[in-house]
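Structure first, commentary second.
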Amino acid sequence: MTIDDHDHDHERDHERGNAADGHTFDHLLAMSDQRGLFEHAKGTEPRVEHGYCTDDNARMLVVTSRVPDVGAAHQLSRLALHFTRAAQANDGRCRNRMDAAGRWTDEPGTEDCWGRSIWGFGVAAAQHRNPAVRRWAQQSFDKGVQQRSPWPRSMVFAALGAAEVAAIDPQHTPARALLNDLLGMIGPLLRDDWVWPEQQLAYGNASVAEAVMAAGAALGRPLDVDRGLRMLSWLLASETRDGHLSVTGVGGRRADEHGPQFDQQPIEVAAMADACWRAHLITGDPSWIGGVETAAAWFRGHNDAGLMMIDERSHGSYAGLHPHSVNLNQGAESTLALISTMQRTDALVGSR
């Protein structure tokens with residue numbers, strides 16, 4: 001594909017550096033080659049032999065579409081868009097795995113990679129500073145949004161992209177239809193002491209609450225906005241311990257499980273920052289800014305282990321938090337979570 005990069009309205013942003021939010025994309029550049037963003041790292045070095053995944057390239061499309069189209073963001077957003085578009089089949093389903101030689105190793109489906117691709121396309125279509133990128137992303141969004149997934153998390157991620165498109169085009173019928181289907185899939189809140197639609201917290205939990213409130217706002221359904229806000233308020237309270245964030249660990253959490261869990265993943269923290277940012281956007285309530293700040297503080301050592309999750313030399317994030325240590329590998333997912341969290345923090349701190 002050919003992208004017209006001469007968007008003169010935003011060339012003046014060039015002097016603002018790699019990322020206008022003050023957080024560089026250096027480690028993402030080190031983790032990428034001409035095909036895309038590698039998935040895993042050993043320390044700071046990409047595990048080339050493990051190849052690439054659409055999940056991470058779609059996430060990279062999200063974070064690079066939020067900032068001025070200059071420097072590393074300019075380069076990486078196009079890399080992410082190329083990769084994610086190539087992953088999409090003609091019917092809108094999505095592949096996830098590419099090996100180091102550039103061969104797809106799986107068949108198209110509607111698992112999480114489909115949902116995250118719709119998220120990435122939706123954010124790029126709505127927010128990217130280059131009109132050609134917006135057009136290509138919109139085209140891919142329109143193709144992918146026709147599909148549906150039986151997996152709630154995949155539908156949640158897709159709904160976050162659909163909400164972006166509905167915000168710029170309130171009459172976009174396919175985006176609205178997906179948002180409506182998502183609200184139908186997420187069941188009622190179970191009980192007063194477990195304000196959640198599932199028997200167990202799993203992964204990307206705050207994204208579920210965000211998608212419900214975003215869909216409710218886009219469709220003019222205040223009861224669903226309130227449902228999402230109640231979910232998020234309960235989750236944030238449940239995952240706050242002694243003034244710091246203590247997110248659900250990789251094994252999930254049942255109602256009868258209490259105390260810190262490990263290992264804790266940066267993606268859970270980024271989901272919380274996104275959801276609290278959305279809650280503030282919808283309600284204007286400044287108290288939600290505290291949730292975003294708590295998420296950023298988690299990376300800076302205000303967590304259950306009291307350990308820094310940021311490598312200040314590479315600008316990457318460590319992969320996981322353990323009771324007395326961190327996973328020193330700096331894969332794509334964790335660094336994207338760090339960047340996303342800091343973007344949300346920078347966007348809101350000034351509004352106090």
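The values are calculated or read from the model by the stated rules, or taken from the named source; none is laboratory data. These figures come from a predicted structure and were not determined experimentally. A quick note on method: Cβ atoms are made from the backbone with ideal geometry, for glycine too, and the neighbour counts reach across all protein chains shown. Just the protein is used for accessible areas: all its heavy atoms, side chains included, with ligands, DNA and RNA removed. Shrake-Rupley method; radii C 1.70, N 1.55, O 1.52, S 1.80 Å.
Of the trypsin sites (Lys or Arg not before Pro) found in the stretch 90-187, those in coil by DSSP whose Cβ has at most 11 other Cβ atoms within 10 Å are R103.
Taking only the C-alpha atoms of the stretch 78-143, the Rg (one decimal) and the largest Cα-Cα distance, Dmax (whole number), read 11.6, 33 Å.
Values of log10 I(q)/I(0) for the chain across q = 0.09, 0.13, 0.14, 0.15 Å⁻¹ run -0.44, -0.98, -1.17, -1.36, by the Debye formula with one identical scatterer at each alpha carbon and no solvent. Using the Cβ atoms and a cut-off under 13 Å, what net charge is assigned to the surroundings of H244, where Lys and Arg are +1 and Asp and Glu are -1? Neighbourhood net charge equals -2.
In this structure the chain gives 40 Å² per residue of accessible area when probed at 1.4 Å with all protein chains present. Ordered from largest to smallest accessible area (heavy atoms of protein chains, 1.4 Å probe), the residues D192, D69, D33, D91 come out as D192, D91, D33, D69.
Sorting I168, I289 by accessible area puts them as I168, I289; the probe is 1.4 Å, largest comes first, and only protein heavy atoms count.
Counting protein heavy atoms only, the stretch 264-352 has 52 percent of its accessible area on carbon and sulfur, 1.4 angstrom probe. Shown for the stretch 95-144: the carbon plus sulfur share of the solvent-accessible area, taken with all protein chains present and a 1.4 angstrom probe, equals 45%.
In the calculated pair-distance distribution of the stretch 54-99, the portion above 18 angstrom amounts to 29 percent of the Cα-Cα pairs. Considering only protein heavy atoms and a probe of 1.4 Å, how much of the accessible area of the stretch 163-248 is carbon and sulfur, as a whole percent? Ligands and nucleic acids excluded, carbon and sulfur give 52 percent.
Here the stretch 259-326 is described by how far its Cα atoms reach on the three principal axes: 38, 32, 16 Å, from widest to narrowest. Rg and Dmax, both from the Cα atoms of the stretch 205-348 and both in Å, are 14.8, 46.
So if I take the centroid of the Cα atoms in the stretch 62-112 and the same for the stretch 199-245, what is the distance between those two points in Å? Each part reduced to its Cα centre gives a spacing of 28 Å.
Here the chain is scanned for GluC sites (Glu not before Pro) in DSSP loops (not H, G, I, E, B) that have at most 16 other Cβ atoms within 10 Å, and the longest stretch holding none of them is 1-197.
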